[in-house]
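Have a look at the structure below before the remarks.
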């Protein structure tokens, strides 16, 4: 195995371990939480509800939020399960996907070590863990912002 392949594989393994640790932290206690009042409007309680009815109800309750996250919640609820735990997994998935992106942002700025430190700090942050466990679009927004930041950093 060449040095480049070995270094790349070590880097991938390290980021995967950090992302897995972040996933475990975000899954811890996920089933024990009850839904906040603003989260209930994100859950599809009626399986016969159409997409347009869901968006009309959501637009009435949360007019400030964009519909992409709620479209994904609706699709997930119809395909997998509308349970509270299941719907929270969407945000956990977005937060877990953000870890490698955060790593690459840190690597662009300060090298591999800085990227790993940045990804690890992101994973253990209580604030980001809290946001990743909610039925709100914050984890998706974080992921998309990290992707935009990375693309802007590479644009130079």
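The values are calculated or read from the model by the stated rules, or taken from the named source; none is laboratory data. Please read all numbers here as calculations on a predicted model, not as lab measurements. All Cβ positions, even for glycine, are placed from backbone atoms using ideal geometry, and neighbour counts span all protein chains on display.
Do we find that residue 56 is surrounded by fewer than 21 Cβ atoms within 10 Å (Cβ to Cβ) and more than 16 Å from the chain's Cα centre (by Cα) in this structure? Steps first, please.
On the way: surrounded by fewer than 21 Cβ atoms within 10 Å (Cβ to Cβ): yes; more than 16 Å from the chain's Cα centre (by Cα): yes.
For residue 56, the condition - surrounded by fewer than 21 Cβ atoms within 10 Å (Cβ to Cβ) and more than 16 Å from the chain's Cα centre (by Cα) - is met.
Condition test on residue 39, is it part of a helix (DSSP H, G or I), under 27 Å from residue 125 (Cβ atoms) and either modelled with pLDDT under 70 or in contact with a strand residue (DSSP E or B) (Cβ under 9 Å, 6 or more places away or on another chain) (or both)? Lay out the reasoning, then the answer.
Values: part of a helix (DSSP H, G or I): yes; under 27 Å from residue 125 (Cβ atoms): yes; either modelled with pLDDT under 70 or in contact with a strand residue (DSSP E or B) (Cβ under 9 Å, 6 or more places away or on another chain) (or both): yes.
For residue 39, the condition - part of a helix (DSSP H, G or I), under 27 Å from residue 125 (Cβ atoms) and either modelled with pLDDT under 70 or in contact with a strand residue (DSSP E or B) (Cβ under 9 Å, 6 or more places away or on another chain) (or both) - is met.
Kindly indicate the residue of segment 118-139 that is surrounded by 15 or more Cβ atoms within 10 Å (Cβ to Cβ) and closer than 16 Å to residue 18 by Cβ and also nearest to the chain's Cα centre (by Cα) among those meeting that condition. Quick ask: steps written out before the conclusion?
Just the residues of segment 118-139 that are surrounded by 15 or more Cβ atoms within 10 Å (Cβ to Cβ), to begin with: 118-120, 122-123, 128-129, 131-139.
Within this subset, residues satisfying the condition of being closer than 16 Å to residue 18 by Cβ are 118-120, 122-123, 128-129, 132.
Values: 118: 16, 119: 14, 120: 15, 122: 12, 123: 11, 128: 9, 129: 10, 132: 6 Å.
Across segment 118-139, the extreme among qualifying residues is 132.
Please state which one of 117, 87 is in a helix (DSSP H, G or I), under 21 Å from residue 24 (Cα atoms) and at pLDDT below 90.
Within the list 117, 87, the selection yields 87.
Tell me, yes or no, whether segment 127-141 has at least one residue that is without any contact (Cβ under 8 Å) to a residue 40 or more places away in the chain and farther than 20 Å from residue 25 by Cα.
No - not one qualifying residue is present in segment 127-141.
Has segment 136-153 got at least one residue that is part of a loop (DSSP other than H, G, I, E, B) and modelled with pLDDT of 90 or more? Even if it seems obvious, please write down each step before you answer.
Pass one, segment 136-153, residues part of a loop (DSSP other than H, G, I, E, B): 136-137.
Next cut, modelled with pLDDT of 90 or more only: none.
Within segment 136-153, none of the residues are part of a loop (DSSP other than H, G, I, E, B) and modelled with pLDDT of 90 or more.
Kindly evaluate residue 81 against the criterion of being at pLDDT below 85, in a loop (DSSP other than H, G, I, E, B), surrounded by fewer than 16 Cβ atoms within 10 Å (Cβ to Cβ) and under 19 Å from the mean Cα position of the chain (by Cα).
Values: at pLDDT below 85: yes; in a loop (DSSP other than H, G, I, E, B): yes; surrounded by fewer than 16 Cβ atoms within 10 Å (Cβ to Cβ): yes; under 19 Å from the mean Cα position of the chain (by Cα): yes.
Yes: the conditions hold for residue 81.
Out of (1) under 23 Å from residue 24 (Cβ atoms); (2) surrounded by fewer than 18 Cβ atoms within 10 Å (Cβ to Cβ), what's the single condition that is false for residue 103?
(2)
Inspect segment 11-27 for any residue being out of contact with any helix residue (DSSP H, G or I) (no Cβ under 6 Å at 6 or more places or on another chain), surrounded by fewer than 11 Cβ atoms within 10 Å (Cβ to Cβ), at pLDDT below 90 and over 11 Å from residue 135 (Cβ atoms) and give the result as yes or no.
no
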